[in-house]
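Working notes, structure below.
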Amino acid sequence: MYNTGMPDAVDMQDAVRSLLAALGEDPDREGLRATPRRVERSLRFLTSGYRADVDQVLNGALFTVDYSEMVIVKDIDFYSLCEHHLLPFFGKCHIAYIPTDRVIGLSKMPRLVDVFSRRLQIQERLTNQIADTIRDKISPLGVAVVMEATHLCMSMRGVEKQNSFAVTSAMHGAFRDSARTRMEFLELLRLRSGTRAPRGSMAAADLAEFED
């Protein structure tokens, strides 16, 4: 599905030079002379998820434990590139799962999010990829992923709505089958050190409506 080979630096830099010229700029002027190299290095990092191996990222951090309650890692910052306009979208990712007999090391959750967000993406696919990977790696009783993001393709161009954000979710197993489990998860997302989420954050009622 993906070409996971290392992109050719010269080809990428030449493409950036051509784009600058097509925009009516002079790629050889002082301010733009190093731009092709900078853009090439930037894009190489921002799409490094194509070349990441999930098993190496997890690095064996799958542990057998006697625990069958909900595990939640929330407010994971992520940054990605919209595949339609190559503009950033960014926000928070919240992950929950109910283990059967294995858990994933907590520090691996943000790394897993990075693997899939550092690609050309749409938010819906990104949400599903994170949930599907957790489901495949530890076979939990249920897994849920919720992502909230601001899309610059909506705020900088197009409809130019600066205050809008998109919410997507992927619910599997107990989170899909049990309304009680799902609502417990959504209520826990609202907690911020014992306080309600700040204005502008997702409310459980909002996501419940989204899920319907």
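Going by alpha carbons, how many degrees (0 to 90, nearest 10) lie between the helix axis of 179-189 and the longest principal axis of the chain?
That works out to roughly 60 degrees.
Identify the GluC sites (Glu not before Pro) of region 1-95 meeting these criteria: DSSP loop state and at most 13 other C-beta atoms within 10 Å of the C-beta.
Glu69, Glu83
Can you tell me the 0 to 90 degree angle between the C-alpha axis of helix 108-117 and the longest principal axis of the chain, rounded to 10?
On a 0 to 90 degree scale, this one is about 40.
Give me His85, His172 sorted ascending by neighbouring Cβ count inside 10 Å, so fewest comes first.
Sorted ascending by nearby Cβ count, the order is His85, His172.
Determine, from the Cβ-Cβ distance of Phe63 and Asp132 and an R0 of 22 Å, the FRET efficiency 1/(1 + (r/R0)^6), rounded to the nearest 0.05.
About 0.60, to the nearest 0.05.
Would you compute, from DSSP H runs of 4+ residues alone, the mean residue ellipticity of the chain at 222 nm, taking -39500 (n - 2.57) per run and dividing by the full residue count, rounded to the nearest 500?
Taken over the chain, the calculation gives -11500 deg cm²/dmol.
Name the lysines eligible as straight-distance cross-link partners of Lys108: C-alpha to C-alpha under 22 Å, and not fewer than 8 places from it in the same chain.
Filter leaves Lys74, Lys92, Lys137.
Using each residue's phi in region 92-105, evaluate 6.51 cos²θ - 1.76 cosθ + 1.60 at θ = phi - 60° and report the 3J(HN,Hα) Karplus result to the nearest Hz, with x for Gly and Pro.
Running phi through 6.51 cos²θ - 1.76 cosθ + 1.60 with θ = phi - 60° gives 10, 10, 10, 10, 9, 8, 10, x, 8, 9, 9, 10, 9, x Hz.
In degrees between 0 and 90, to the nearest 10, how far off the longest principal axis of the chain does helix 35-46 point, with axes built from Cα atoms?
It is inclined by approximately 20 degrees.
So between Arg38 and Lys161, what do we pick up on full extension, going 0.36 nm a residue minus the alpha carbon distance?
41.3 nm
Which residue fluctuates the most in the chain, going by a Gaussian network model with Cα springs under 10 Å, if the choices are Arg51, Arg111, Arg41?
Of the options given, Arg41 has the highest mean-square fluctuation.
Take peptides 56-63, 116-123 and line them up by average Cβ neighbours within 10 Å, highest first, as a rough protection proxy.
The most tightly packed comes first, giving 116-123, 56-63.
Working from the pairwise distances between different alpha carbons, so that the mean of 1/r is found and then inverted, what is the chain's Kirkwood radius in Å?
Over the chain, the inverse of the mean reciprocal pair distance is 19.0 Å.
Read-outs throughout are calculated quantities, based only on the coordinates presented, and are distinct from any laboratory measurement. Since the model is a prediction, treat every value here as computed from it, not as a measurement. Neighbour counts run over all protein chains shown; Cβ positions are idealised from the backbone, glycine included.
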